[in-house]
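Let me begin by presenting the structure, written as structure tokens, before commenting on it.
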Amino acid sequence: MNIYSEIIKKIGTQETAENINEAVDILCNDMYRLNKVDDKLISKLPQDDALHEAMNELELVKTEKTEWLLGLKKAIKEMRILILDVAVRLDLKTREDVIEWIKRNVGEDVVTRFQTNPEILAGAKIIFEGRYYEKKV
Amino acid sequence: MDNLVIVIILSGIVAVLVVAYLDLVRKSKFMSGQEVKAQEKARLKSEMILEEAKERAMQIVREAKMLSEDQKDELEEQWRGVIRKVSREFETEAEDEVKGFRKSLELEAVGVEKAVADRIEKEFAAAKQQIEEYKKEKLSRLDAEIVEITKDAVKNVVGKVIPMGEHKRLIISALEEAKREHIL
């Protein structure tokens, strides 16, 4: 089991993955310069479940925090991307339900990129690992 | 007879005296020539000595002059050497000074850079936090607005409202079919 799996499963969208990557960069920089993580800085990072989980786990890491952060960055980079073209911008609840379905049925290492497509009235167009499928109105 | 003898004797004496006198005169004349010759000789010799002394003096002066030129060159060379040495020492010292100054400047620059970086980072984090809050607020407003606009647009196109629940059902349905088709 991957040591980052609890964090990875909480990263639902590509946007969240990018935010965490940025946060990891900032924290790594902090580690290089100060050899510790600035608590004030953590409090200023975007509030997100996955990032929160990452920070909790980082606190438990006693040595080589930078290595741990770089490992997390690598794990995030290796996540697979599912592009989902939909008709409208989905509300948060609907997005969470769709992400939850994808995580359960496709894989916890999958992040979703939601895109609104004016050609679609309802349904979805799916692109995943070079394959394509659509069911739309 | 006696008188004759006396006259003869006296004549003889006079003759002797005359001869002696003449000899004396002749000797005297001879001595005077000798003296002049000696004087002339001495004069010539002294002139020669003087000439030699003069020549020697000139030689000494020439040598002294040449020596002076040589010494001047040597002195100049020594002086140049001293200047070169002092110049090199000064150059080395100046280089050391510059190096020291550069090092301290670099250290100072690193300190300033770190302080600026810290400041920028803090400002950046604060700005990011504000943007994040603003973004969230805007997104929640947009969510609400977009749902309404989309509802209206879809209603216009398909003549009926597609609720969000129906969108979700259709999306999940598309995902399920994609899974069955081994797309996922």
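Read-outs: derived from the displayed coordinates by stated rules, not from any lab. Here the structure is a predicted model, which means the values were calculated and not measured. We place every Cβ from the backbone using ideal geometry, glycine too, and count neighbours over all the protein chains shown.
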For B:K168, counting only aspartates and glutamates whose alpha-carbon sits under 16 Å away and dropping same-chain residues fewer than eight positions off, the answer is A:D85, A:D91, A:E96, A:D97, A:E100, A:E134, B:D143, B:E176, B:E177
Checking the stretch A:1-110 for GluC sites (Glu not before Pro) in a loop per DSSP with at most 15 other beta-carbon atoms within 10 Å yields A:E64, A:E78, A:E108
The residues A:I8, A:I81, sorted from fewest to most surrounding Cβ atoms within 10 Å, come out as A:I81, A:I8
Rounded to one decimal in nm, the spacing of the 7 Å Cα→Cβ label points at B:V7 and B:E51 is 6.5
Within the protein assembly as shown, the percent of DSSP beta bridges that are antiparallel, given to the nearest 5, stands at 60
Nearest-0.05 FRET efficiency for A:L70 and B:A126 at R0 = 25 Å, using Cβ-Cβ distance, is 0.45
Pairs over 21 Å Cα to Cα, from A:K36/A:K77; A:K40/B:K114; A:K36/B:K114; A:K73/A:K93, come to A:K36/A:K77; A:K73/A:K93
Listed with the fewest Cβ neighbours within 10 Å leading, B:H182, A:H52 appear as B:H182, A:H52
Under the rule rounded for a/c under 1.5, else prolate if a/b exceeds b/c, else oblate, using alpha carbon gyration tensor axes a ≥ b ≥ c, the stretch B:1-112 is classed as prolate
Note on chain A, DSSP bridge orientation, antiparallel percent to nearest 5 equals 60
Least to most buried among B:M164, A:M55, by other C-beta atoms within 10 Å and fewest first, runs B:M164, A:M55
With label points set 7 Å from each Cα along the Cα-to-Cβ direction at A:R131 and B:F101, the distance between them in nm comes to 7.1
Per the 1/(1 + (r/R0)^6) rule, R0 = 51 Å and r from the Cβ atoms of A:K36 and B:E176, FRET efficiency to 0.05 is 0.60
